[in-house]
1. Being in contact with a strand residue (DSSP E or B) (Cβ under 9 Å, 6 or more places away or on another chain), of a type in the set (Gly, Ala, Ser) and either at negative phi or assigned by TED's automatic domain parsing to the domain that holds Ile19 (or both) narrows it down to one of Ser31, Ser126, so name that one.
2. Go through the range 87-116 and give me each residue that's in a loop (DSSP other than H, G, I, E, B) and of a type in the set (Ser, Thr, Tyr).
3. Which one of these is over 18 Å from His157 (Cβ atoms) and at pLDDT below 90: Asp214, Asp257?
4. Quick check on Ala44: is it small (Gly, Ala, Ser), loosely packed, with under 13 Cβ neighbours inside 10 Å and outside any strand (DSSP E or B)?
5. Can you name the condition, by its number, that Asp67 falls short on among (1) outside any loop (DSSP other than H, G, I, E, B); (2) modelled with pLDDT of 90 or more; (3) surrounded by fewer than 15 Cβ atoms within 10 Å (Cβ to Cβ)?
6. Specify the residue that is farthest from the chain's Cα centre (by Cα); the eligible residues are those in the range 45-64 that are modelled with pLDDT under 80 and aliphatic (A, V, I, L, M).
7. At pLDDT below 95, of a type in the set (S, T, N, Q) and assigned by TED's automatic domain parsing to the domain that holds Lys249: does that describe Ser146?
8. Identify the residue in the range 198-211 that is among the hydrophobic types (A, V, I, L, M, F, W, C) and within 24 Å of Asn17 (Cα to Cα) and, among all such residues, is modelled with the lowest pLDDT.
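The values are calculated or read from the model by the stated rules, or taken from the named source; none is laboratory data. Remember, it's a predicted structure, so these values are computed and weren't measured experimentally. Ideal geometry is used to build each Cβ from the backbone, glycine not excepted, and the neighbour counts take in all protein chains shown.
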Amino acid sequence: MTRKPSEHPFVEAFVANPIMVDRHSVDLVNSTILHLAADPKFLALADQSRMAMGGADDGFWSEDMADYRPYVVADGVLQIPIQGMLLNRFSYQFGRWATGYQYIERALARGMEDANVRAIALIVDSPGGEVAGCFELGDKMFAARSIKPIRAFAADHAYSAAYALGSAAGDLVVTRSGGTGSVGVVTAHVDYSEALSKDGIKVTFIFAGSHKVDGNPYEKLPADTKARIQERIDKIYAVFTSTVARNRKMEEQAVRDTEALTFDATDSVANGFADGIGALDEQMATFCDEVAEAESEQMTTFTQEQMDAAVATARTEGMSAGQTAEAARFSAITGSEDGKKKPKAAMAAYTAGLTAEQAAAMLAGLPEEKAEAAPPAPAPKAKTEKSGFDAAMEGTKNPQVGAESGDDAQGSDGLSAVDGLFAAAGFAAVAAPRRN
């Protein structure tokens, strides 16, 4: 990828930093970047873009920005577009040309807290994008899929950074003409030294620090500098392959063995990179039907479980063993290190009937709560009646947010609102079948 020194900083980011894009899409990537760099509206958004750090009323979702921050919910399913070049520190969705990681993160967070959203669909058609910001967002998606069903639709392509995000969904469907893969990392060094020499131009660096000008474009790339750049690329590649392996429940070596190849729909399913093949509209309708059916079944089960809970309560009422167990569970959850730092979430976990182990896994994925002056929590009492949440969660998988996410999952703002999180967690029992 060549450049001119006068290009916009947006272009420079793709020249100077490692990226995760499909190698067969280099011409598309180049033309897309140049197209965006020539679009005044995009440049204005790029210059002003920053992720709003406030709450729901911070203006991020204002109506006048709806074209660039879409939030579309149909039949209880939030549709999040992941299209074009994927950009860090860009909080907008610019049609088929570009999507910012910050926009995706905020849409995901809003969807998790929105009671009208029963599931989330990622609509992916992208050759990839920047490394920075990609894995952190993927970890948040991976944690969120334990709370609400998330399905990715490669319509039509989910390559490199886009596949890193798509693989974080519970499952992934690809169109017959689409593809997945390109699990690899690339950067480039441009050497202008001979061209400058022919023009009679010589660049002299005056610097301190022996590595200060390593990799500059005005000199040939020394072997030791190339080795250091390669080491950095290898480390990013290791994160990429291990992340995909975790997301898809594959052996990491199997991911590495793909050697950054891309795969058509049939091969994507065969090698474990996708779960099914189908047209977007048909598969989306199927997803909505699955969500609605699961919700309907849960409503029936909920009533029966309430009856069972009443019988169980009558049989165990007054048993000291049950009281002792409850007291031990309460102490283990609220008295743990995470429980003390996140008291509201700990109490919610206790009230929800989670075991100490389940609560520990859930609390590990949540940020520390701000200290508040509050009266001490009441001592636990033997349960005399199961709450609606207890009954709904019985016999189902309890959410374990972030239980398997990597170090990059720390600080997952947007999924940290305890009340919203547990409102969303109630839907885990009605989740459509997915890869957990």
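1. Matching residue, one of Ser31, Ser126: Ser126.
2. Listed by number, the residues that qualify are Ser91, Tyr92.
3. Details: Asp257 fails: at pLDDT below 90.
From the options Asp214, Asp257, the qualifying one is Asp214.
4. Values: small (Gly, Ala, Ser): yes; loosely packed, with under 13 Cβ neighbours inside 10 Å: yes; outside any strand (DSSP E or B): yes.
The answer is yes for Ala44.
5. Unmet for Asp67, out of (1) outside any loop (DSSP other than H, G, I, E, B); (2) modelled with pLDDT of 90 or more; (3) surrounded by fewer than 15 Cβ atoms within 10 Å (Cβ to Cβ): (1).
6. Top of the filtered list is Ala56.
7. Details: at pLDDT below 95: yes; of a type in the set (S, T, N, Q): yes; assigned by TED's automatic domain parsing to the domain that holds Lys249: yes.
Yes: the conditions hold for Ser146.
8. Phe207
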